[in-house]
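Q: Can you keep this structure in mind? I'll have questions shortly.
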Amino acid sequence: MRRLPGVLLLAALSCTTVPVTGRKELNLVGEGTMNQLGAQTYTQEVSKAKPSSDAAATAMVQRVAKRIADAAEANFHPKYQWQATLIDDPKTVNAWCLPGGKIAVYSGILPLTQDETGLAVVLGHETAHALAHHGAERLSRSTLMQLGESGILAAVGAAKPEAAKPAAAALGIGSQVGIELPFSRSQESEADHIGLVLMAKAGYDPEKAIDFWQRMAAYGQGKAPPAFLSDHPSDKDRIEAIKKEMPEAKAAFVPHQ
């Protein structure tokens, strides 16, 4: 029997299953490595930003992040040390969740989320990227894998900021911090699906997700898409897909007590 080349054999043995969708994905990077990478990148990005002094908005972000995190822990059992920060940046319409549960929300997205449920749509979607190991999948397919895990971590910790950009891009930090097109459209659609179920499990009405994405569609008319929408599915396709996934999400919905 012909042997597979080492890399192909490793790839064949390194498939993981995405929660909710059940898709098989290539994953050559250990969870501990990804969580460390997420923590390092989070520290770097937050250190460059201005934390919000809006106590009410910060408390809301913490509440929603905790409920999303609790639902993720209860249903998908990630080994995360959750942390959330609201960044004072009204011009940036963006949010992200890195491997290990490191969450950042930019204040510019809050007028569009409007309330806790709208924010839950965003944080459910972003947390879904981490739960689905989308960053690891991107790293596994990128030339960074030639460095090995220790090389990836060394690159992120390097003194030169540009050394961290490829890894940060794989983790999904958007163009507002100098990196283009965080995730592929297929990963974005998958994050929509997982995030919809996750917000429902966290006790947020998934029907409200349609309202949020309609607001995002209206916001994007006639202007360049914000970082949060980089390389995302079209508004029409996204909303139609969410409508098809709604019965699954509604079945998972338990109103918060």
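The values are calculated or read from the model by the stated rules, or taken from the named source; none is laboratory data. All of these numbers come straight from a predicted model, not from anything done at the bench. Don't worry about glycine lacking a Cβ; one is built from the backbone with ideal geometry, like all the others, and counts go over all protein chains shown.
Q: Please verify whether Glu137 is touching a strand residue (DSSP E or B) at 6+ places or on another chain (Cβ under 8 Å), modelled with pLDDT under 90 and in a helix (DSSP H, G or I), treating the condition exactly as stated. Working first, answer last.
A: Numbers: touching a strand residue (DSSP E or B) at 6+ places or on another chain (Cβ under 8 Å): yes; modelled with pLDDT under 90: yes; in a helix (DSSP H, G or I): yes.
Judged against the criteria, Glu137 is a match.
Q: Please work out which one of (1) in a helix (DSSP H, G or I); (2) within 17 Å of the chain's Cα centre (by Cα); (3) at pLDDT 55 or above is the condition Gln176 fails and give its number.
A: Among (1) in a helix (DSSP H, G or I); (2) within 17 Å of the chain's Cα centre (by Cα); (3) at pLDDT 55 or above, Gln176 violates only (3).
Q: Based on what the data block shows, is Leu26 in contact with an Asp or Glu (Cβ under 7 Å, 6 or more places away or on another chain) and on the phi < 0 side of the Ramachandran plot?
A: The answer is yes for Leu26.
Q: Please go through the stretch 6-30 and give me each residue that is at pLDDT below 75 and in a loop (DSSP other than H, G, I, E, B), ordered by number. Spell out how you get there, then give the answer.
A: Just the residues of the stretch 6-30 that are at pLDDT below 75, to begin with: 6-14.
Passing the criteria: Leu13, Ser14.
Q: Quick check, is Glu45 touching a residue at least 40 places away in the same chain (Cβ under 8 Å) and either closer than 30 Å to Thr17 by Cβ or touching a Gly at 6+ places or on another chain (Cβ under 6 Å) (or both)? If you could, list the steps in order and put the result at the bottom.
A: On the way: touching a residue at least 40 places away in the same chain (Cβ under 8 Å): yes; either closer than 30 Å to Thr17 by Cβ or touching a Gly at 6+ places or on another chain (Cβ under 6 Å) (or both): yes.
So Glu45 fits the description; yes.
Q: Something else now. Quick one: is Ala209 among the hydrophobic types (A, V, I, L, M, F, W, C), farther than 18 Å from Ala130 by Cβ and either at pLDDT below 60 or surrounded by 16 or more Cβ atoms within 10 Å (Cβ to Cβ) (or both)? So that I can check it myself, show each step before the final result.
A: Details: among the hydrophobic types (A, V, I, L, M, F, W, C): yes; farther than 18 Å from Ala130 by Cβ: yes; either at pLDDT below 60 or surrounded by 16 or more Cβ atoms within 10 Å (Cβ to Cβ) (or both): yes.
In short, yes.
Q: Pick from Asn94, Asn75: which is within 22 Å of Ala202 (Cβ to Cβ), among the polar types (S, T, N, Q) and modelled with pLDDT under 95?
A: Numbers: Asn75 fails: modelled with pLDDT under 95.
Going through Asn94, Asn75 in turn, just one is within 22 Å of Ala202 (Cβ to Cβ), among the polar types (S, T, N, Q) and modelled with pLDDT under 95: Asn94.
Q: Taking the stated definitions as given, is Asp237 of a type outside the set (Ser, Thr, Tyr), loosely packed, with under 14 Cβ neighbours inside 10 Å and modelled with pLDDT under 90?
A: yes
Q: Name every residue in the stretch 63-99 that is surrounded by 15 or more Cβ atoms within 10 Å (Cβ to Cβ) and either aromatic (Phe, Trp, Tyr) or assigned to a helix (DSSP H, G or I) (or both), in order of residue number.
A: Val64, Ala65, Arg67, Ile68, Ala69, Ala71, Ala72, Asn75, Phe76, Tyr80, Trp82, Trp96
Q: Ok, one more. Out of the stretch 191-206, which residues are in a loop (DSSP other than H, G, I, E, B) and either among the acidic types (Asp, Glu) or modelled with pLDDT under 95 (or both)? Spell out the reasoning first.
A: Within the stretch 191-206, the first condition is being in a loop (DSSP other than H, G, I, E, B), and the residues that meet it are 202-206.
Selection gives Asp205 alone.
Q: Yes or no: Ala224 under 20 Å from Pro111 (Cβ atoms), among the aliphatic types (A, V, I, L, M) and modelled with pLDDT of 85 or more?
A: Spelling it out, it is not the case that Ala224 is under 20 Å from Pro111 (Cβ atoms), among the aliphatic types (A, V, I, L, M) and modelled with pLDDT of 85 or more.
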